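Working notes, structure below.
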Amino acid sequence: MERKTSLDMFGILSLTGVAVLLGVNQVAIKLGNGGFQPVFMAGIRSLGALLVLLLWMRLRGVEFRIRPGTVPSGILLGVLFAIEFSCIFFALDLTTVARTSILFYTMPVWLSFAGHFLLGGE
């Protein structure tokens with residue numbers, strides 16, 4: 001693979017496109033929260049994502065299987081993701097998209113700081 005030292009036009013357009021999609025996503029959540037409860041909206045979006053993922057797996061011929069010993073970890077991660085997803089929907093119901101975006105996208109920074117001070121050797 002060719003090493004690149006700067007962004008080309010494809011990279012710039014891809015990053016801009018993803019940023020626009022993420023911004024539009026949060027605006028759509030904010031607008032949808034006006035008519036539906038946040039947890040209901042999150043559940044419907046997750047169900048839609050599951051259907052799209054299963055369709056993609058079927059088209060690509062990817063087998064769906066659960067490996068032994070992974071169920072407890074999968075359930076724990078699913079519950080944690082559901083809590084985070086619900087919190088985002090509740091945040092967008094209670095405040096503006098701009099404030100929620102700032103909190104959401106600075107979360108990795110705060111977790112890094114917390115990891116540095118709270119976890120030994122980090």
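The values are calculated or read from the model by the stated rules, or taken from the named source; none is laboratory data. None of the values given here were measured: they were computed from a predicted structure. FYI the Cβ positions are ideal-geometry reconstructions off the backbone, even for glycines, and counts take in every protein chain you see.
Numbers below:
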item	result
Ile75 assigned to a helix (DSSP H, G or I), over 24 Å from Leu22 (Cβ atoms) and free of Cβ contacts under 8 Å to residues at least 40 places away in the same chain	yes
Check on Leu55, in a helix (DSSP H, G or I), over 27 Å from Met107 (Cα atoms), more than 15 Å from the chain's Cα centre (by Cα) and at pLDDT 90 or above	yes
Any pair with Cβ under 9 angstrom, 6 or more apart, that starts in the range 32-57 at a residue that is of a type in the set (A, V, I, L, M, F, W, C) and ends at one that is surrounded by 10 or more Cβ atoms within 10 Å (Cβ to Cβ) and not in a helix (DSSP H, G or I)	Met41/Asn33; Ile44/Phe36; Trp56/Val62
Residue list for the range 91-107, filter: of a type outside the set (Val, Ile, Thr) and either under 15 Å from the mean Cα position of the chain (by Cα) or buried (at least 16 other Cβ atoms within 10 Å of the Cβ) (or both)	Ala91, Leu92, Asp93, Ser101, Leu103, Phe104, Tyr105, Met107
Those residues of the range 1-50 which are part of a helix (DSSP H, G or I), of a type in the set (Gly, Ala, Ser) and surrounded by fewer than 13 Cβ atoms within 10 Å (Cβ to Cβ), in sequence order	Gly11, Ser14, Gly17, Ala19, Gly48, Ala49
Breaking point among (1) surrounded by fewer than 10 Cβ atoms within 10 Å (Cβ to Cβ); (2) within 28 Å of Phe104 (Cβ to Cβ); (3) among the acidic types (Asp, Glu), for Glu63	(2)
Any chance Ala114 is at pLDDT below 85 and assigned to a helix (DSSP H, G or I)	no
